[in-house]
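The block underneath contains the structure these notes are about, expressed in C-alpha cells.
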Amino acid sequence: MVLGSPALVHHPVNRARPFIFDTALNPAATGGALAALRVLRSRPELPGVIRSRVSSPAAQLGVDVPAGAVLSVPMASPQVATAAQAECLDHGVRVGCFRPPSVPDGISRLRITTNAGVPADAWDRACELLSKVVEAHR
C-alpha cells in the first residue's frame with residue numbers, strides 16, 4: 001500500500017513496483033501494528049506512562065532520557081555488563097546486554113525496555129534493583 005496524493009501513489013506503482021513489494025510489512029507485523037493502534041486508541045495514557053517510566057531510571061542511572069521506551073546504560077566492559085545482567089536476572093529482573101561483536105569495542109551496555117503493562121510497584125522495585133546493580137558494577 002502506498003499512502004499519499006494520487007500523483008505520489010501513481011509514481012511508485014508505475015515506476016518502482018519492486019520497491020513497493022520489498023518494503024511492505026509482512027502480514028504478522030501488520031496485524032501487530034494494527035493491534036497496537038487499537039490498544040493505543042483505547043488507552044491513550046500509555047505513551048505518558050512510558051515517558052514517565054523511562055525518565056525515572058534514566059535519572060537514577062545518570063544517563064540521558066531516550067526519545068523512546070528503551071534505556072541504554074553504558075557499562076565498563078563486556079564482562080561487567082554480563083555480570084550485571086546475570087545479577088539482575090538472579091533477582092527476577094530481565095535486562096538486555098549488548099557487547100562486542102554486536103556493538104563496537106568499548107560500548108557494552110545494558111538495555112532496559114520500558115513496559116507500561118508492568119504494575120507500578122513491580123516497576124519501581126525493578127528500577128531500584130537496577131540502580132543498585134549498576135552502581136555496584138561501575
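The values are calculated or read from the model by the stated rules, or taken from the named source; none is laboratory data. Keep in mind it's a predicted model, so treat the numbers as computed, not measured. Heads up, the Cβs are rebuilt from the backbone with ideal geometry, glycines too, and the neighbour counts pull from every protein chain shown.
Table for the structure above
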| item | result |
| --- | --- |
| Filtered residues of the stretch 1-31 (kept if in a helix (DSSP H, G or I), modelled with pLDDT of 75 or more, exposed (fewer than 11 other Cβ atoms within 10 Å of the Cβ) and within 28 Å of the chain's Cα centre (by Cα)) | Pro27, Ala28, Ala29 |
| Residue ID - farthest from Gly48 (Cα to Cα), chosen from residues in the stretch 92-123 that are in contact (Cβ under 8 Å) with a residue 40 or more places away in the chain and not polar (S, T, N, Q) | Arg111 |
| Flag for Ser55 being surrounded by 12 or more Cβ atoms within 10 Å (Cβ to Cβ), without any contact (Cβ under 8 Å) to a residue 40 or more places away in the chain, out of contact with any helix residue (DSSP H, G or I) (no Cβ under 8 Å at 6 or more places or on another chain) and polar (S, T, N, Q) | yes |
| Leading residue by the ranking (farthest from Ala126 (Cα to Cα)) among those in the stretch 58-108 that are surrounded by 18 or more Cβ atoms within 10 Å (Cβ to Cβ) and among the charged types (D, E, K, R) | Arg99 |
